[in-house]
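These notes are about the structure you will find just below.
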Amino acid sequence: MKSTINVPTVPLQEAIDRVARFRKQIQTAAQVPEENIPRAIFIPIADIMAIIDKFQTIDAEGNIHSAIRGVRAYFAVKEGDEDLPDDITALIVPVDVKGNDIIATNNGLKDDVDDSDIYDFTKPCPSYCDPNSPLFIQ
């Protein structure tokens with residue numbers, strides 16, 4: 001049996017208005033050229049699942065325990081990106097059960113090798129877009 005999603009949704013027209021408002025504000029206030037204004041960021045589900053898996057443990061009774069309650073996306077600009085000047089991406093950081101970023105993992109979970117839990121696997125739009133989406137505002 002599938003569970004139902006119990007999070008708020010946004011009506012399509014409101015979403016279109018919000019996206020258009022964001023693009024106008026960035027272009028006007030920050031004077032960012034239209035072609036450099038981010039449209040969206042694609043986040044691969046496999047990468048999110050890998051983060052979830054890294055911070056989950058299963059006890060002797062088979063109960064699953066998670067050390068995180070979500071992830072946070074920090075917008076960032078890559079220096080010298082060849083596809084688009086000032087390409088905006090998002091750095092993904094796990095968020096612990098208290099709401100704090102997990103930046104460095106020295107907690108021994110699942111064979112930590114690196115001292116950073118800051119991930120760069122997002123793919124920006126316009127490179128990864130759905131130009132047929134009603135949210136793809138010109």
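Since every read-out is calculated from the coordinates, none of them should be taken as a lab result. Just so it is clear, the model here is predicted, and its values are computed rather than measured. Reconstructed Cβ throughout: ideal geometry from the backbone, glycine too, with neighbour counts over all protein chains shown.
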Inset, instruction - Please check which bits of region 9-43 a label hung off LYS2 would reach, taking the label as a point 7 Å along Cα-to-C-beta and the cut-off as backbone N under 19 Å. - result: 9-10
Inset, instruction - Please build a GNM for the chain, connecting alpha carbons under 10 Å apart, and tell me which residue among PRO94, PRO44, PRO124 fluctuates the most. - result: PRO44
Inset, instruction - About the Cα centre of the chain, how large is the charge dipole given +1 on each Lys and Arg Cβ and -1 on each Asp and Glu Cβ? Please answer in debye to the nearest 20. - result: 780
Inset, instruction - Identify the residues of region 27-50 with backbone N under 17 Å of a label point that sits 7 angstrom from the Cα of SER127 along the Cα-to-Cβ direction, or state none. - result: 35-45, 47
Legend entry - Of SER3, ALA73, ASN63, farthest towards positive along the dipole that unit charges on Lys, Arg, Asp, Glu beta carbons give the chain: SER3
Inset, instruction - Before rounding to the nearest 500, sum -39500 (n - 2.57) across all DSSP H runs of length at least 4 in the chain and divide by the residue total; then give [θ] at 222 nm in deg cm²/dmol. - result: -6500 deg cm²/dmol
Legend entry - Proxy reagent accessibility, fewest Cβ within 10 Å first, across LYS78, LYS2: LYS2, LYS78
Inset, instruction - Name the residue farthest towards the positive end of the dipole of the chain from the options PRO38, ALA15, PRO94, assuming +1 on Cβ of Lys and Arg, -1 on Cβ of Asp and Glu, about the Cα centre. - result: ALA15
